[in-house]
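Written below as structure tokens is the structure these notes are about.
The values are calculated or read from the model by the stated rules, or taken from the named source; none is laboratory data. Keep in mind that what you see is a predicted model, and the values were worked out from it rather than measured. Heads up, the Cβs are rebuilt from the backbone with ideal geometry, glycines too, and the neighbour counts pull from every protein chain shown.
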Amino acid sequence: MQKKVFRFSNSSVEYYFDGKISQEKRITDGAKTVFVTDENVFAAHGKHFKNKEVIVLKAGEEFKVQATVDSVIEQLIAKEADRKTVLVGVGGGVVTDITGYVASVYMRGIRFGFVPTTLLAMVDASIGGKNGIDVGVFKNMVGIIRQPAFLLFDSSLLQTLPDNEWRNGFAEIIKHASIKDAGMFKELEQNGVGYYQKKKKDLDRLIRRNALLKTKVVQKDEFESGDRKLLNFGHTLGHALENQYRLSHGQAISIGMAYASSLSSEISGFKNKERVIALLQQYGLPTSLDFDKGKVIEVLKMDKKKMKESINFILLEKIGRAFIKEVSIQQLYENL
Ligand SMILES: NC(=O)c1ccc[n+]([C@@H]2O[C@H](COP(=O)([O-])OP(=O)(O)OC[C@H]3O[C@@H](n4cnc5c(N)ncnc54)[C@H](O)[C@@H]3O)[C@@H](O)[C@H]2O)c1
Ligand SMILES: [Zn+2]
């Protein structure tokens, strides 16, 4: 297990790479710990929760809502969790988003950490301190930015992860490569999901590279006034599609990235749209969808409850370099 500490504006976060979930006790240092997980992770990794205080959530994005937050709070009260209790989210992005949110409001904020168990959560969702829930069709409408105390990376947990969830994780990895890391983009072009499933060393290296890439972006711009926005590549359209069409997050942003790449070639002469689309397909991700344009535009305009005539879109200048551009609703409509 290798420890690295990263400073953010209000706190520092301990990252434990190449760790084992069983080492969590060393990190929480004897404090009263309550684990939050979901029923799939609990079923697959139950042995790690033996004799522990654990709150098991129903699995899935549809449970990333206020009702689940209320239920976790009630269970914390029943378990007599106090200000010294540490909340540890063991799961995918849904579990980490909810755990961070509850821990941020319970008794005005208690310590929390994450053991991400999906590839997506390891390279993205667990990092950066955004915590929150969905409201209706609006993704991540309510939440807070607060950093966890620690992140523990144990890639052996991925052995039980279904293949479609591996592909979802690669959607965020391809996003990182597209906006910030042309070298990683080339590496990904040479491999595939099956390769990383077999080569643990290369997988660990890829997870670390992505975790560090996101961390660096967030450190420079924690509250998203500039560079952090680039991480939304593929997400503007992706989020508008995600809940309406029951796509997974990875599938939705993959379609969003394919679309944003096309828009990039239309608007800014980006020359490698085919390479982005081919890479997404190589990792088993969808790159198009027959959707209701009018309905999606409505959701885009209403994002975060603001009716807009134009939207800030993340476009690619070249592979490894992205920029923000204001695009009119009209222009979007024509290119959908
Ligand atoms: N906070 C952020 O910055 C941020 C960034 C990206 C995504 N997210 C959020 O993350 C969520 C998506 O995360 P996700 O893809 O991890 O989804 P998820 O948490 O729903 O996990 C996906 C599925 O895998 C199962 N699972 C998890 N770990 C497993 C394991 N080791 N073995 C077997 N099954 C396992 C889960 O039960 C679930 O069914 C979305 O809500 C998204 O908004 C947040
Ligand atoms: Zn995402």
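The rows are residues; the columns are (1) within 15 Å of the chain's Cα centre (by Cα); (2) β-branched (Val, Ile, Thr).
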position	(1), (2)
Asp124	yes, no
Ile127	yes, yes
Pro148	yes, no
Phe153	yes, no
Pro162	no, no
Glu172	yes, no
Ser178	no, no
Gly183	no, no
Margin query: If I ask for residues that are among the polar types (S, T, N, Q), away from ligand 2 (no atom under 16 Å from the Cβ) and part of a loop (DSSP other than H, G, I, E, B), which ones from segment 240-273 would you list?
Written below: Gln244, Asn272
Checklist line | Single residue of Glu74, Glu24, Glu39, Glu61 found to be within 16 Å of ligand 2 (Cβ to nearest atom) and either surrounded by 13 or more Cβ atoms within 10 Å (Cβ to Cβ) or free of Cβ contacts under 8 Å to residues at least 24 places away in the same chain (or both) | finding: Glu61
Notebook entry, point to check: Mind checking which pairs have a first residue in segment 159-188 that is of a type in the set (Val, Ile, Thr) and a second that is assigned to a helix (DSSP H, G or I) and within 11 Å of ligand 1 (Cβ to nearest atom), Cβ under 8 Å, 6 or more apart or different chains?
Noted result: Thr160/Ala44; Ile173/Leu119; Ile173/Val123; Ile179/Leu231
Check: Looking at segment 89-106, is at least one residue more than 16 Å from the chain's Cα centre (by Cα), over 20 Å from Ala43 (Cα atoms), surrounded by fewer than 24 Cβ atoms within 10 Å (Cβ to Cβ) and of a type in the set (A, V, I, L, M, F, W, C)?
Finding: yes
Check: Given the residues Leu213, Leu237, which is the only one that is part of a helix (DSSP H, G or I), in contact with a His (Cβ under 7 Å, 6 or more places away or on another chain) and not polar (S, T, N, Q)?
Finding: Leu213
Next item on the list: List every residue pair whose Cβ atoms lie under 9 Å apart, where the two residues are 6 or more positions apart in sequence or sit on different chains, the first residue falls within segment 274-292 and is of a type in the set (Ser, Thr, Tyr), and the second residue, located anywhere, is part of a loop (DSSP other than H, G, I, E, B).
Entry: Tyr283/Gly192
Item checked: Qualifying residue in segment 187-203 (condition: more than 12 Å from ligand 1 (Cβ to nearest atom), among the small types (Gly, Ala, Ser) and in a helix (DSSP H, G or I)) -> yes
Notebook entry, point to check: Could you say which residue among Phe233, Phe291, Phe223 is surrounded by fewer than 17 Cβ atoms within 10 Å (Cβ to Cβ) and within 15 Å of ligand 1 (Cβ to nearest atom)?
Noted result: Phe223
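This table checks each residue for (1) under 22 Å from Asn10 (Cα atoms); (2) small (Gly, Ala, Ser); (3) in a strand (DSSP E or B).
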{"position": "Gly128", "(1), (2), (3)": "yes, yes, no"}
{"position": "Ile133", "(1), (2), (3)": "no, no, yes"}
{"position": "Met141", "(1), (2), (3)": "no, no, yes"}
{"position": "Ile144", "(1), (2), (3)": "yes, no, yes"}
{"position": "Leu158", "(1), (2), (3)": "no, no, no"}
{"position": "Asn164", "(1), (2), (3)": "no, no, no"}
{"position": "Asn168", "(1), (2), (3)": "no, no, no"}
{"position": "Ile174", "(1), (2), (3)": "no, no, no"}
Notebook entry, point to check: Looking at segment 86-103, which of its residues are of a type in the set (S, T, N, Q) and out of contact with any Ser or Thr (no Cβ under 7 Å at 6 or more places or on another chain)?
Noted result: Thr99
Item checked: Val88 vs. criteria in contact (Cβ under 8 Å) with a residue 60 or more places away in the chain, β-branched (Val, Ile, Thr), touching a Gly at 6+ places or on another chain (Cβ under 6 Å) and not in a helix (DSSP H, G or I) -> yes
Checklist line | Members of segment 130-154 found to be buried (at least 21 other Cβ atoms within 10 Å of the Cβ) and either in contact with a Pro (Cβ under 6 Å, 6 or more places away or on another chain) or touching a residue at least 60 places away in the same chain (Cβ under 8 Å) (or both), listed by number | finding: Ile133, Asp134, Lys139, Gln147, Pro148, Phe150, Leu151, Leu152, Phe153, Asp154
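Of all residues in segment 21-62, which are in a loop (DSSP other than H, G, I, E, B) and either at pLDDT below 95 or more than 14 Å from ligand 1 (Cβ to nearest atom) (or both)?
Selection gives Asp29, Gly30, Ala31, Lys32, Lys50, Asn51, Lys52, Gly60.
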Margin query: Here is a check on your reading of the model: is Val105 in contact (Cβ under 8 Å) with a residue 60 or more places away in the chain and either within 16 Å of ligand 2 (Cβ to nearest atom) or of a type outside the set (Lys, Arg) (or both)?
Written below: no
